[in-house]
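Down below is the structure, laid out as structure tokens.
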Amino acid sequence: MSGLPLYPIYIVDFFGSLCMLVLSFIALRYAWILKRTHTRNVFYTYIFWLCMTFVALSISRSTGHALRGLLLYSGYPYLWKKLAPYSGGLNSIAFISAAVLTFYFPNVQKVMEVIKEDARRLKEAKEELEIAHEKLRDFNLRLEEKVKERTRALVLSEQKFRRLFEGSRDAIFFCDQDGCISDINPSGMNMLGFKVKSEIIGLPMKQFFVRHEDWEIYNKSIYDQGYIVDFETQFKRVDGSTIYLIITAGAIKEKNGTIIGCEGIAKDITTFKRMTEKLIYSEKMASIGQLAAGIAHELNTPLGIILGYTQLLKEDIEEQELLEELKIIEKQTKNCKRIVSDLLSFARSSERRYISKVQINDCIKQTVTIVKHTFELKGIDIVLYLDKDLPKVIADENKFTQVLMNLLNNARDAIGENGTVYIWTKHEGETEDCLVKVIVGDTGEGINEKIKRRIFDPFFTTKPAGQGTGLGLSVSYGIIKEHGGTIDVCSPPSDKEYVSRGIKTIFIVTLPASTSEKAKKRLKQLISVC
Amino acid sequence: MKDYIKNIITVFIFIFLILLDSINAEAVQIHGPPEGFFVHIMGHIFFAASLIFILYLLEHHPQKHQNGWRWLRYSFWFFLAWNLDTLMVHIVYRRMPYSSLYLPLNMWEHKLLPPYNLEHVLYYIGRFDHLLCIPAMLFFVLSLRSFLQSHSEDETL
């Protein structure tokens, strides 16, 4: 029978199926290795499962072709008929599985990419978070360092300002909205005479002003201008004494401008003020002295002539009535000459001096011996506290005795009856700048401020007319000045030593000791003048 | 009670009522003999479509000129050709009259009988399908071996 033989096809099928079987298993082995070595590779996973389907396909085809040939050739066609549907079915499943895998793989790939992208983002976010965390940690460390540094600076600043506040010689004060003192430094407390801070905190500042008008000016300036500069005023201390202050203060404001208090610095200018007053007084006294010297000098000559002629007339006139009148003229002229002499003493006239090294203690004892009896008649005791080691001074002993006599007489007049006059002698400082002090205190009534200012003025007296010329203290002032010393009055004295004895007024005479440079210079000047 | 629970209950009641009303059991579908053939043909079409799809992806692969990927493309082209070939043979075989083949017990005497037409020719040539699938499988093996050798870490297609 003619026709195209099919056995070439069967031979190709038979060997082809075997070949496919071998190749599919080789492929499966490679795929298995790839999958195992690249566990996270989706493509190799796909290839592995594709190989599985190819293996299934190869088996089905080997069944379909090779087994068919063997069964038909060996005379078992009925067996092939039973196996054929299984082979075909497996073949179909293999196709479909391969197709499903192929279609499914890109989706898995996409899902994996999405997961990988998410993982990558997560990783990036984690890295960013770690960087941020690191930065935050660094920032925290830096912040801690900064806080420590700032705290250190703050502590230093606080210490600096605290030292300034505590150690300042001027008063530094803070007031609240009601004008009450909320804080003040130790100098401020001392200035106002307080010892414990709690005593002064809360006290209204107003009460320290001596003059109410000053407080009003201060307060108005703070509230109107927000500050006050170099405001000079007088404050009342807790013990009742007064001090001069110069205040510079400013308002403490909130952000909205509301004044919630004030802060300021007050400088005690009492000493400066007193020094200035003394200087002015000294200048005034010098001017008066010059004037007095001029007048005295001009009056001295005509008075001498009047006295001379009066005395001549007395010798020539025998009439008793006229003689008596001439005696009155002579007496009054002598009085005038004495006044002129006193004026010259006050004005450092060129009167002859008897300069020597004087032991003040001896001088005092001698003077006290002279006046003691008079004092005792009025019930006045004289108590001496003399410095045994008192150095000598360069002075005119008679002049110094005159000064001492004036001071004792003033003390006696101040006491009136029954009292005590104290005399101290002291020395201060080393050899070259040593000062000798004579302090005369009395338990009289004291001197008020108004009188105290004019006490050394010539012709100023509080005694009744005829009892004093008002030249005693001014002459004493002139004498002490001439000796290079000072004379001061304190009424009432602040020192407890005097207060405890009931002393109301003290006069302090200060002279340079003979050993001091000042005294030596002075001596040279006096010698050259003489 | 939540809405979705109400909906589920309503659906179940509806299905229950339908089942109460049914006369014949419809649960099992009986599959006739030609169904296997159609499933097989559809399997081929499905496989061919998947190969076209994967080839499309491979054509756009950035490393398509490297050995592994190139052989993989060749492999899939051959698989596609083999698949179309076998599909054609299945169809032609079904269309050919049974008398076109002489199939005695002795397989060495099996013949394709004249008269011959295009379908006979296509059938006879198409039956040598191993000439397509063996190169396909060979390229596939070569591709995998290349991947293995290069230790490619490429995880993208």
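Where a number appears in this text, it was derived from the coordinates with a stated rule and is not lab data. In this text, all values refer to a predicted model and were calculated from it rather than measured experimentally. Here Cβ is always computed from backbone atoms with ideal geometry, including for glycine, and neighbour counts include all displayed protein chains.
Which links in A:Lys392/A:Lys463; A:Lys197/A:Lys450; A:Lys220/A:Lys253; A:Lys437/A:Lys504; A:Lys388/A:Lys496 stretch past 25 Å when you go from one Cα to the other? As for pairs spanning more than 25 Å Cα to Cα, those are A:Lys392/A:Lys463; A:Lys197/A:Lys450. Taking other C-beta atoms within 10 Å as the exposure proxy, A:Phe25, A:Phe54 rank A:Phe25, A:Phe54 from fewest upward. Note on A:Lys378: no lysines have a C-alpha under 16 Å away, same-chain residues under 8 apart excluded. Rounded to whole numbers, the Karplus 3J(HN,Hα) couplings from phi for region A:79-87 are 5, 4, 4, 6, 7, 3, x, 5, 4 Hz, using 6.51 cos²θ - 1.76 cosθ + 1.60 with θ = phi - 60°, and x at Gly and Pro.
Residues A:Arg150, A:Arg61, A:Arg68, ranked from the fewest to the most other C-beta atoms within 10 Å, line up as A:Arg150, A:Arg68, A:Arg61. With each label modelled as a point 7 angstrom along the Cα→C-beta vector, the A:Lys126-B:Tyr93 pair spans 5.6 nm. Once the convex hull of all Cα atoms in chain A is built, its volume per residue stands at 357 Å³.
How high is the FRET efficiency between A:Glu149 and A:Asn256 when r is their beta carbon distance and R₀ equals 41 Å, given to the nearest 0.05?
0.80
Normalised by residue count, region A:1-117 yields a Cα convex hull volume of 111 Å³ per residue. For the pair A:His373 and A:Phe15, the difference between a 0.36 nm per residue extended length and the Cα-Cα distance amounts to 111.8 nm.
Under 5 Å between amide hydrogens, built in the peptide plane, is the criterion, and for B:His61 it picks out nothing among residues at least 5 positions away or on other chains.
Can you give the FRET efficiency to the nearest 0.05 for A:Lys314 and A:Asn398, using r as the Cβ-Cβ distance and R₀ = 35 Å? For R0 = 35 Å, the calculated efficiency reads 0.70. In region A:274-346, how many lysine pairs have Cα atoms under 30 Å apart, counting only pairs 8 or more places apart or on different chains? Eligible lysine pairs with Cα atoms under 30 Å apart amount to 7. Between A:Glu232 and A:Arg142, the FRET efficiency estimated from the beta carbon spacing at R0 = 60 angstrom works out to 0.70.
What do the square roots of 5 times the Cα gyration tensor eigenvalues come to for region A:171-268, in whole Å, largest first, as semi-axes of the equivalent ellipsoid?
21, 15, 11
Ranking B:Phe38, A:Phe48 by Cβ neighbours within 10 Å, fewest first, what do you get?
Arranged by neighbour count, lowest to highest, B:Phe38, A:Phe48 become B:Phe38, A:Phe48.
Our estimate of slack between A:Asn409 and A:Lys110, defined as 0.36 nm per intervening residue step minus the Cα-Cα distance, is 94.9 nm. Put simply, the amide H of A:Ile382, placed in the peptide plane, has neighbours under 5 Å in A:Val421, leaving out anything fewer than 5 places away on its chain.
The alpha-carbon of A:Lys206 sits under 20 angstrom from the alpha-carbons of these aspartates and glutamates, leaving out residues fewer than 8 places away in its chain: A:Asp170, A:Asp176, A:Asp178, A:Asp183, A:Asp214, A:Glu216, A:Asp224, A:Asp230, A:Glu232, A:Asp239, A:Glu263, A:Asp268. In this structure the amide hydrogen of A:Thr505, modeled in the peptide plane, comes within under 5 Å of the amide hydrogens of A:Asp442, A:Gly444, none closer than 5 places in sequence on its chain.
Applying the Karplus relation 6.51 cos²θ - 1.76 cosθ + 1.60 with θ = phi - 60° to region A:124-136 yields 3J(HN,Hα) values of 4, 4, 5, 4, 4, 5, 5, 4, 4, 4, 4, 4, 4 Hz, where x marks Gly and Pro.
Projected label points at B:Tyr102 and A:Ile280, each 7 Å from Cα along the beta carbon direction, are separated by 16.3 nanometres. Considering only DSSP beta bridges with both partners in the protein assembly as shown, what is the antiparallel share in %, to the nearest 5? Within the protein assembly as shown, antiparallel bridges account for around 90 percent of the total.
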